[in-house]
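Accompanying notes for the structure given below.
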Amino acid sequence: MSILEELQPVCTNLLMPSESEYPIEPVVRQESSWEAILQGFGAAPMEETTLEQLLAKIAFPQEWHDSQQQQLVSRFQALMETLQAHLSQIRVFRVGAIEVRVYILGQTTDGAIAGVQTTLIET
């Protein structure tokens, strides 16, 4: 099964919480190296973070979560587990300001760079 086939069911109808919610979409990048990925971001502001930092408030249970938020935590935990099971060298990039493109990428067993992408709105 391809990485896209593994990620698609986990990402279906999964939205990234921010000021506006955007879908989380599986992606296989055309670039074959991390250097090419970074160059593709151009001059836009870019920050690298970790998967755990990015998903700290939505993928880990908190006492204050209601039942709907607890379901969302389970979905984001499934996303994290799927990414960690099928990708190595996972890197998280936040690109841009206000409308921030987020890329969670890693290497597949065949060397491709794949993962998920979404958008955050931060004003």
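The values are calculated or read from the model by the stated rules, or taken from the named source; none is laboratory data. Values in this document were obtained by computation on a predicted structure and should not be read as measured data. Because the Cβ atoms are built from the backbone with ideal geometry, glycine has one as well, and the counts that use them run over all protein chains shown. Surface areas here come from the heavy atoms of the whole protein model, side chains and all, with no ligands, DNA or RNA. Shrake-Rupley method; radii C 1.70, N 1.55, O 1.52, S 1.80 Å.
Applying the Karplus parametrisation 6.51 cos²θ - 1.76 cosθ + 1.60 with θ = phi - 60° to the phi angles of segment 16-31, what ³J(HN,Hα) value in whole Hz is obtained for each residue in order, glycine and proline being reported as x?
7, x, 6, 4, 10, 8, 10, x, 9, 10, x, 8, 10, 7, 6, 5
What accessible surface, in Å², does a 1.4 Å probe find on residue 104, ignoring ligands, DNA and RNA and rounding to the nearest 10?
The value for residue 104 is about 10 Å².
Percentage of Cα-Cα pair distances in segment 1-63 greater than 16 Å, rounded to whole percent? Walk me through the numbers before you get to the answer.
Details: 1295 of 1953 pairs.
Here the tail beyond 16 Å accounts for 66 percent of pairs.
Run the dipole for segment 1-65 about the Cα centre, Lys and Arg Cβ at +1, Asp and Glu Cβ at -1, nothing else charged, and hand back the magnitude in debye, nearest 20. Before the final figure, lay out each step's value.
Details: 2 positive and 11 negative charges, 11 e Å.
I would put it at about 60 debye.
Of all the stretches in the chain, which is the longest one without any exposed loop site, taking GluC sites (Glu not before Pro) in a DSSP loop (any state but H, G, I, E, B) with at most 15 other Cβ atoms within 10 Å? Mind showing how you got there, number by number?
Working: sites that count: 19, 21, 31, 63, 122.
Longest site-free region, per DSSP loop and neighbour criteria: 64-121.
Could you report the accessible area of residue 46 in Å², rounded to 10, computed with a 1.4 Å probe on the protein chains as they sit in the structure?
80 Å²
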